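Worksheet: the structure to be examined is printed underneath.
Where a number appears in this text, it was derived from the coordinates with a stated rule and is not lab data. What you see is a predicted model; the values in this text were computed from it and never measured. Positions of Cβ are generated from backbone atoms using ideal geometry, with glycine treated the same way; all protein chains shown enter the neighbour counts.
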Amino acid sequence: MIIFDMGEYNLYVWSSVFISLLALFLAYYDAVSKHKDITRKIENRDQ
Amino acid sequence: MNLKAIYKYGSPPNFYRFVTKVEPWCLYFGLLLILIGSAGGLFMAPEDYQMGDAFRIIYFHVPSAYLSMSAYATMGFASIIGIVWRSNVAFSVAKSVAPFGALMTATALVTGMLWGKPMWGTAWVWDARLTSEFILLLLYLGYITLHASIKEQKRADRAASLVAILGIINLPIIHYSVVWWNTLHQASTISKLDSPSIVGEMLWPLLVMIFGYMFFFVAVICRASSAEVLVREKRSNWVKEI
């Protein structure tokens, strides 16, 4: 698709997009997993 | 500053209930803005007459760099509140911001290198902007390492907070580095909104991306700090009720 074609800068532009979105995903995933871990620990302890 | 608000949300149960309500709104709004900004920046903004399509890296590099500094300012401010008011909630926020800030700083550096390689002919130079941003990454890593290396929670909070507060001095150095010294890094693009050095068609996706990243940052910090508050308050009665 022509709109995805960044010419000679394809590698640089799409690598930047991928790395940035991956960083955002990892940041949120890490926060959610920390929250799940502690909630599970508290639930197990209370049971 | 409204001291009543600080006291109200300085209470762990109030803070926990507040951030768990705010988080989904900020997350979905942030993601929506990032989606619109990405589409605008990658597909709708015109090609730069000098840099060609490589300039589109700006839509990911600049928001990351903005957040790396905003996150550090948040961490420093929370550390000051934590030390002055001995607030567990403020220390939780500061601790939660550090990994996200480090990740954003690393992203800003890597996307900057990906932009620098085709434009400057080199991915890295030890100029003032790049070096001061690299020092910011070291400050984040120093905070995280110091906090993890001290077993006693209160001592860890206080020691790491001192690093966060001392490191605030690096923020104006990063911002003004392109003014104070001759750098390979270009000057600010949108430091003054009334006269930005970028045309409107290129500017709006950048502003949308910056706001999107900001809302996403708030969502992540809400989730991470609520987890940290639960870790610290797990023996409290209010935790059993949630």
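Projecting the Cα atoms of A:18, B:41, B:229 onto the dipole axis of the protein assembly as shown, where Lys and Arg carry +1 and Asp and Glu carry -1 at the beta carbon, places B:229 farthest toward the positive end.
For the protein assembly as shown, the 222 nm mean residue ellipticity estimated from helices alone, with every DSSP H stretch of n ≥ 4 adding -39500 (n - 2.57) and the total spread over all residues, rounds to -26500 deg cm²/dmol. Rounded to 0.05, the FRET efficiency of the residue B:20 and residue B:85 pair, given R0 = 30 Å and the Cβ-Cβ distance, is 0.85. Rounded to the nearest whole Hz, the Karplus-based 3J(HN,Hα) values (6.51 cos²θ - 1.76 cosθ + 1.60, θ = phi - 60°) of the stretch B:223-240 follow the sequence 5, 5, 6, 5, 5, 5, 4, 4, 4, 6, 10, 4, 8, 7, 5, 5, 5, 5, with x at glycine and proline. Each peptide in B:88-101, B:46-59, B:145-158, B:120-133 was scored by the mean count of other Cβ atoms within 10 Å over its residues; highest first, the order is B:88-101, B:46-59, B:120-133, B:145-158. Counting only residues at least eight positions apart within a chain, or on another chain, the lysines with an alpha carbon under 23 Å from that of residue B:21 are A:34, A:36, A:41, B:4, B:8, B:95, B:234, B:240. Normalised by 2.2 N^0.38 Å, where N is the number of residues, the C-alpha radius of gyration of the protein assembly as shown stands at 1.07.
Pairing the Cα long axis of helix B:170-180 with the longest principal axis of chain B, what angle in degrees results, from 0 to 90 and rounded to the nearest 10? Tilt relative to chain B: about 20 degrees. The alpha-carbon atoms of chain A define a convex hull whose volume equals 70 cubic angstrom per residue. Axis angle, to the nearest 10 degrees, between helix A:10-46 and the longest C-alpha principal axis of chain A: 10 degrees. In chain B, Cα pairs under 8 Å separated by at least six residues give a relative contact order of 35 percent. Taking each pair of distinct Cα atoms in chain B once, what is the resulting Kirkwood hydrodynamic radius in Å? For chain B, inverting the mean 1/r across all distinct Cα pairs yields 19.2 Å. The Kirkwood hydrodynamic radius of the stretch B:96-139, based on inverse pair distances between different Cα atoms, is 10.8 Å. Treating the angle as unsigned and between 0 and 90°, give the value, to the nearest 10°, between the Cα long axis of helix B:128-149 and the longest Cα principal axis of chain B. Rounded to the nearest ten degrees, it is 20.
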